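Take a look at the structure set out below.
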Amino acid sequence: MKTNSNSISGLKSRSEQLNTTKTGLVKINQAQRRLNRSLKTESLLALLRAETPDFFRLAEVVGQWVWIQFAGKQPKEITSRLAELGFHWNNVRQTWQHPCGTLADERATYDPRKRYGSYFAAHVKPA
């Protein structure tokens, strides 16, 4: 039989302890996400370098956008952090993408890497 004694004792439920919702998703600060989506490329790369160096090492700059690609599916904590940083999942390209303040009206039917070129941010030496 389930009781609600936790509210009396002040104990948190398992999802509250893990900072997750009832669906198991990690909560995302939506205001921070909106702010981060407007960051320009260099500002985003500086944020990644300072706060998430593992993401910075994977960051590929494609035109003005930043892409992060993994070999396999990542845990919810990682995908939620990417989402909060302003990235979204592109199911066609199988990569996390950040628009860096530029929002396209239509989906590209071409390969942006070929049209705009790309480089890995971690491979560029600071000026």
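The values are calculated or read from the model by the stated rules, or taken from the named source; none is laboratory data. Quick caveat, the model's predicted, so the values are computed rather than measured. Heads up, the Cβs are rebuilt from the backbone with ideal geometry, glycines too, and the neighbour counts pull from every protein chain shown. Protein only, heavy atoms only, side chains kept; ligands, DNA and RNA dropped before computing areas. Shrake-Rupley method; radii C 1.70, N 1.55, O 1.52, S 1.80 Å.
Table for the structure above
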read-out: Every residue from the stretch 94-124 that is touching a residue at least 60 places away in the same chain (Cβ under 8 Å) and in contact with a Phe, Trp or Tyr (Cβ under 7 Å, 6 or more places away or on another chain); value: His98, Pro99, Cys100, Ala121, Ala122
read-out: Selected residue (only one of Leu35, Leu103 is in a helix (DSSP H, G or I) and among the aliphatic types (A, V, I, L, M)); value: Leu35
read-out: Sole exception among (1) at pLDDT 95 or above; (2) over 25 Å from Leu35 (Cα atoms) for Arg113, by number; value: (1)
read-out: Every residue from the stretch 106-124 that is part of a loop (DSSP other than H, G, I, E, B) and either open to solvent by less than 70 Å² (accessible area, probe 1.4 Å) or within 29 Å of Lys76 (Cβ to Cβ) (or both); value: Arg107, Ala108, Asp111, Gly117
read-out: Qualifying residue in the stretch 16-29 (condition: at pLDDT below 90, open to solvent by 100 Å² or more (accessible area, probe 1.4 Å), part of a helix (DSSP H, G or I) and out of contact with any Lys or Arg (no Cβ under 7 Å at 6 or more places or on another chain)); value: yes
read-out: Exclusive hit being within 12 Å of the chain's Cα centre (by Cα) and open to solvent by less than 70 Å² (accessible area, probe 1.4 Å), set Leu82, Leu45; value: Leu82
read-out: Identity of the residue in the stretch 59-73, farther than 18 Å from Leu103 by Cβ and out of contact with any helix residue (DSSP H, G or I) (no Cβ under 8 Å at 6 or more places or on another chain), that ends up most open to solvent (accessible area, probe 1.4 Å); value: Lys73
